[in-house]
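The values are calculated or read from the model by the stated rules, or taken from the named source; none is laboratory data. Every value quoted in this text rests on a predicted model; they were computed, and no experiment measured them. A quick note on method: Cβ atoms are made from the backbone with ideal geometry, for glycine too, and the neighbour counts reach across all protein chains shown. Remember, those area values only see protein heavy atoms, side chains included, never the ligands or the DNA or RNA. Shrake-Rupley method; radii C 1.70, N 1.55, O 1.52, S 1.80 Å.
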Amino acid sequence: MKLLEREPYIAELETTLAQVVAGEGRIVFVSGEAGIGKTSLIEAFTGRHSASLPVHWGACDSLFTPRPFGPLHDMAAQLHKDLPELLASDSQNTEIFTIVLGALQQQTAIVVFEDVHWADEATLDLLRFLGRRIMRIPILLLLTYRDDELSPQHPLRRVLGDLVTSPSAQRILLKPLSEDGVRALVNDRPINVFDLHAKTGGNPFFITEILANPISKIPLNVRDAILARTARLSPSAEAVLQAAAVIGMRIESWLLAEVTGAEAHFLEECMAAGILQSQGDALSFRHELTHQAFLDTLSPQRLLVLHRLVLDSLRSDPVTRQDMSRLAHHAEAAGDRASVLEFAPIAAQQASAASAHRAAASLYALALKYAETLPLSDHANLLEAYAWESNLIDRQDETIASRRKAIELWCAVANPIKEGENLAYLTMALLTHGEGNEAQKCCRAAIQILEKHPPGKELALAYRNQALLESINRNLSEAAFLAEKAVALAEQFGDARILAMAYDTLGSNWLSTDFDRGSEYLKRCLDIAQKAGLEARVATVYANLGSVACDLYRFETAEFYLSEGITYCAERDLDLVRFYLLSCQAMTYMYLGRWREVVEAANEIIAHPAISVHNRLPALVALGRLRARQGETEAFDLLMRALEIASVSDHFENIAPVRAALAEEAWLEGNCERALSEVRVLYNLAVSKKHPWLAGEAAFWLWKCGGQPEQFDWMAKPFTLQIAGQWQAAADEWERLSCPYEQARALADGDAQAQLLALKMFERLGAHLPADALREGLQNTRTKKIPRKPRSSTRENPFGLTERQVEILSLLVKGLSNTKISNHLHISPKTTDHHVSAILEKMNLHSREEAAALARTHPFFSEK
């Protein structure tokens, strides 16, 4: 069939390739529904250049658990002679990434990754790695995916979010054929064009399937159209197609011959019918929809037989028997329990080594379906491995259930050391799940069991976890004592993982009272973790430095560590820590006055159904506090949800910030009685823990509600200054800390000029409730030159720009270049480029000049 209505897309690709040939790499995302013609478009385009440029092509598989670097295997031999061996081994991702990057830097090429909506995590990490360096690689990287198969939590969305705003990235969304396009395909056939277009939605694949086998009535769906094509095939040809469907989208010729035996020579009939096609040294279905349609026709018994034949052939071949994910897939479908237990755990270990933790968890879950026949200790080891991977992807319900079951099994085989070790790990899962009291009981039980036996790394782990629980409750001396005991034991028994965890806890414990000393311990943790390849522990160092810096009002330091940590975790699929970092980032942005980014970060966390309550809490507090300042009614509900979570854990670091936020919300609503009921609890708790910032804030709200709280010299200075009536000094302190809302709140206690400045700052932030209250107070004192209340249309950001993007747009208005913007804001030129591209995309404009011109005339920006 002729490729219709795709000339503009081809032209766009040609223009992009010319830029690549000129020395600037580019990445193009080609999307559309199944059957829209993504592959046909790429084949047509690459066909024009295959004689002059290398074309490397890899496809992702729609397996239950795709193998790590699936599409890279397809092109490995072309890229580098050592790459196939590296992929077959347990090599680190960084080594593979380096080899691929070096190979692609050698010459201009076109690289295609097809169907990346099915990509495994390791492949997505590779694409993110290449995408961030694409300008320095002379390749045109083409990625195809089905945009209608991406759920809000689909891993590909993170890759798109990271890369699409780059100046080197572009998107092509393929549209269905128009009626004219369908008419051209129909030509002189006796088919109603309008009816065909309406029923197929202009989907090219659906249309061509119908035209390939014209019948009196247009089928209702594409599956019926595909199966109509096979109506005249011989039974033997149908048997070949069935075997091919079970093998997969890509079919090795030798494998199909082995499975089909004497019927193999009917392959030519399948190819003549246009159902199968040659693809290099293998075969493939013309489309995944065709593959799936034939697979769906097979009876359960026929599927069982074919999967057993495929499994036997794969395991007998020296090459294919190395693909453990594929073997596990066919073993399960064949009902071969022993083979599942043989292959799935090895495949899971390989996936975990490639940082594909979701795939690893799925493979361990597959093995556990059949683990009841294993010896109890082997079953327990599988449960431990599954719990570890589930924890890394923040599936805490699964983690807790697996640890509990493992504890039962170790108890049954009388292994108290393993029982105690799993109790220690269960402690952390319960804590993350918001079950603080249960975590305390669990940790005490672990220590009680393990102290009855010679000390080992397991007791070190239990001491470390108890130290963490004490630190959370601000029992800092006891926490330091236990953490040091854990360090000593971990060093004695040479366990790098637990040693890093112990230094992590020791450092975090010291941060709140001696930030520099705590940082030194954490740097030691970081050094141990990096040398031992402990990615998750490296991530927690970022989390601890970022969250404690936020807790101590060191917000610029917090922003640095949180942003670095989020990038680190996203590249390694460490969702457990990434979600917590993102939640803390929402809190940091609230204090820094970047409120639109608060909403973006917090909503990503709150809307995600699978995120643990521990990771959800800071985001709820940040968004609840923000909405209170904006005068939004949802503020109270958000904060009550946070209180419900915090009350379950009953830990100071969880309860206190929620009480502080509720006190502010009540005060903003003019309900001093409710504010006092919140803050009295907070004040006594914070003073007993000697927390300078939370105790200072509690004293501040007591004072605001008419009380005379006792103050201490260790309380945070900005709060005590304002209580003492030194509003200007307090405002200066808040400005030094980069907290514009708190600065405005201090100025609001000052003279008329200070109050007018506070009003302007409140309005700029969008703090409507305190702004309206302050304006009313100024009007009552007959202050002159009070700014008019902005129209509601100018209070709303019309383009959904983040606070940082609004800031950059204001500098564009002033005519600053990207380099000067970077210097002004102390950010990298690449970051500035990304922000400018995002601004243009959100404003639907093509140049920075257009953006600046629109900003000069729009009422929202004129007030900035």
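Given Cα pairs under 8 Å that are at least 6 residues apart, what percent is the relative contact order of the chain? All intermediate terms of the calculation are to be shown ahead of the outcome.
Details: 1346 pairs, mean separation 60.5, N = 864.
7 percent.
Over the Cα atoms of segment 725-789, what Rg and Dmax result, in angstrom?
Just the Cα atoms of segment 725-789 yield Rg and Dmax of 11.1, 33 Å.
Quick one: angle between helix 803-813 and the longest Cα principal axis of the chain, in degrees between 0 and 90, rounded to 10, please.
Taking Cα atoms only, the helix is inclined about 90 degrees.
If packing is taken as the average number of other Cβ atoms within 10 Å across a peptide's residues, how do 587-600, 291-304 rank, most packed first?
Ranking the peptides 587-600, 291-304 by packing returns 587-600, 291-304.
For segment 553-712, take N as its residue count and report Rg(C-alpha) divided by 2.2 N^0.38 Å.
Details: Rg = 15.7 Å, N = 160, 2.2 N^0.38 = 15.1 Å.
Segment 553-712 yields a ratio of 1.04.
Starting from the 7 Å offset along Cα-to-Cβ, what nm value, one decimal, do you get for the label separation of D224 and R736?
7.7
What is the spread of the Cα atoms of segment 46-151 along each of their three principal axes, largest first, in whole Å?
36, 33, 23
Quick check on the chain: of the DSSP beta bridges with both residues there, what percent are antiparallel, nearest 5%?
25
What accessible area per residue, rounded to a whole number of Å², is obtained for the chain using a probe radius of 1.4 Å?
With all protein chains present, the chain gives 42 Å² per residue.
Under a crude label model (7 Å from the Cα following the beta-carbon direction), how far is E408 from Q492 in nanometres?
Taking the simple label geometry, E408 and Q492 are separated by 3.5 nm.
Please give the residues of segment 627-642, grouped as numeric ranges, whose backbone N is less than 20 Å from a label point set 7 Å along the Cα-to-Cβ vector of D772.
627-639
Could you give the length gained by full extension between D148 and K452, i.e. 0.36 nm per residue of separation minus their alpha carbon distance, to one decimal place?
That pair, D148 and K452, stretches by 103.7 nm at full extension.
Which FRET efficiency value, to the nearest 0.05, do you get for Q708 and F560 by plugging their Cβ-Cβ distance into 1/(1 + (r/R0)^6) with R0 = 35 Å?
Working: r = 39 Å, r/R0 = 1.12.
Taking R0 as 35 Å, the efficiency between Q708 and F560 is 0.35.
Subtract the Cα-Cα distance of D317 and S828 from 0.36 nm times their separation in residues, and report this length gain in nm to one decimal.
178.8 nm
For the ranges 562-571, 9-18, what's the packing order if you count other beta-carbon atoms within 10 Å of each residue, average per peptide, and put the highest first? Let's see the in-between values first.
Numbers: 562-571: 20.9, 9-18: 16.1.
Ranking the peptides 562-571, 9-18 by packing returns 562-571, 9-18.
Sort the following peptides by mean Cβ neighbour count (other Cβ atoms within 10 Å, averaged over residues), highest first: 671-680, 321-330, 446-455, 429-438.
Final packing ranking: 321-330, 429-438, 671-680, 446-455.
Report the label-to-label distance for S234 and A752 in nanometres (one decimal), using points 7 Å from each Cα along the Cα→Cβ vector.
Distance between the two pseudo-spin positions: 10.2 nm.
Round to the nearest 10 and give me the degree value, 0 to 90, for the angle of helix 768-780's Cα axis relative to the longest principal axis of the chain.
Computed tilt is about 30 degrees.
For M135 and K531 in one chain, what is 0.36 nm times their gap in residues minus the Cα-Cα distance, to one decimal in nm? Show your work: numbers first, answer last.
On the way: separation 396, 0.36 × 396 = 142.56 nm, distance 3.08 nm.
Difference between extended and current length: 139.5 nm.
Could you give the angle, 0 to 90 degrees to the nearest 10, between helix 7-21's Cα long axis and the longest principal axis of the Cα atoms of the chain?
70
Given the rule -39500 (n - 2.57) for each run of at least 4 DSSP H residues, summed and divided by the residues of the chain, what is its mean residue ellipticity at 222 nm, to the nearest 500 deg cm²/dmol?
It lands at -21000 deg cm²/dmol.
When the accessible area of segment 437-533 is split by element with a 1.4 Å probe, what percent falls to carbon and sulfur?
Reported share for carbon and sulfur atoms: 49 percent.
Principal axes first, then extents: for the Cα atoms of the chain, list largest minus smallest coordinate on each axis, whole Å, largest first.
94, 76, 50
No solvent, one uniform scatterer per C-alpha: report log10 I(q)/I(0) for segment 548-616 via the Debye equation at q = 0.18, 0.23, 0.29 1/Å, two decimals.
The Cα Debye sum returns log10 ratios of -0.62, -1.00, -1.34.
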